[in-house]
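Derivation of every value follows stated rules applied to the coordinates shown; laboratory data play no part. Please read all numbers here as calculations on a predicted model, not as lab measurements. Cβ atoms come from the backbone with ideal geometry, glycine included; neighbour counts cover every protein chain shown.
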Amino acid sequence: MIAYEDLKKLNARWEAGYKECLNNLLDSGWYILGEEVKEFEKEFAYFNNHSKYCIGVANGLDALILALRSLDLPKGSEVIVPSNTYIATILAILHNNLTPVLAEPDIATYNLSSKTIEPCLTSKTKAILVVHLYGKCCPMDEIINLAKERGIVVIEDCAQSHGARYKNQLCGTFGLIAGFSFYPTKNLGALGDGGAVITNDENVFEIVKQLRNYGSQVKYYNERIGYNSRLDELQAAFLRIKLRELDDINQHKRKLAALYLENLKDDFVKPQQHQDHFDVFHIFNVRHEQRDKLKEYLNKQDIGTEIHYPIPPHQQKALSELYKGRSFPISETIHRTTLSLPCSYCHNESDIHRVIEVMNSF
């Protein structure tokens, strides 16, 4: 069986280091916001183009919630977000009493561009929340230029794109703020939940740092209505180990993706490649009109796959009142036809050749 993902196998490489981290934590007696979090924040900021600030938080959703909250946008302000994103991006907007405006992505890249954003701009638009989906950066130069022209803030959802680059600049370093998730399946994945916010803005840094810890900078003195959203000390220690090898993880996934791109038949819509983009393939997706039959066929051949994601956000029950009666045909096409193939640090080239062989016989 070729599993879509095998986290036990993936993390076996670092098991000895993880156990040492646990022992060190037990010996230290300090479990929350200690040295491991501080050091990870320094190292992750440095990794991301020497960003000035990193704040470790509890998960990727909280990273986006706190990033938006730090802006203190007027209630009801519109925030543009891709119509095909994972629902977490939209939830972060709603939790801030803001209005998510769905923009259809470019069908070739699955990401927003200035061309897809511009028709959605109104006088109420205060921010653009771009999502670097599947591990591919949006074309950030044109998006940043558009935002500057309109006086709009750009926030980056980098949950799926650790280490991805556009024109040799790392994602998360274009806009005012970026949010990251360290969910276990991410390229930089913890052994539980975790997230981070990075920024070069000192004011944003100070606000998010307070918000994650009950709105407090000094213990028992609360300056803001805050949250309890702190990156766990043990997860920070685990992430420090993996961060040292993130480039190797990304290169491994890129090598597996290259096999798919070169050898899969053109019956499948494959990820678009361009010299300006350095993709890290958190997800290697293809599209096919008979997606469900293809998934079933692969499963019978002992090949695991996933669907990211089966239901577009505007059709989710939780958002039914917000987008009632509206259609987003590009998003609907993507969600109806997309299939994610095995492409993990736990897989080898032999695994991928087997998947290709079975795919091409469909």
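For residue 148, the lysines whose Cα falls under 23 Å of its own Cα, not counting residues fewer than eight places away in the same chain, are 52, 75, 115, 124, 126, 136, 167.
Residues of region 340-358 with an amide N closer than 18 Å to a point placed 7 Å from the Cα of residue 255 along the Cα-to-Cβ direction: 342-356. Bridging of residue 265 to aspartates and glutamates at a Cα separation below 12 Å is possible for 357, once same-chain residues fewer than 8 apart are set aside.
When the trypsin sites (Lys or Arg not before Pro) in region 215-292 are filtered for DSSP coil states and for at most 11 other beta-carbon atoms within 10 Å of their beta-carbon, the remaining sites are 219, 265.
The mean sequence separation of alpha-carbon pairs under 8 Å and at least six residues apart, normalised by the residue count of the chain, gives a relative contact order of 22 percent.
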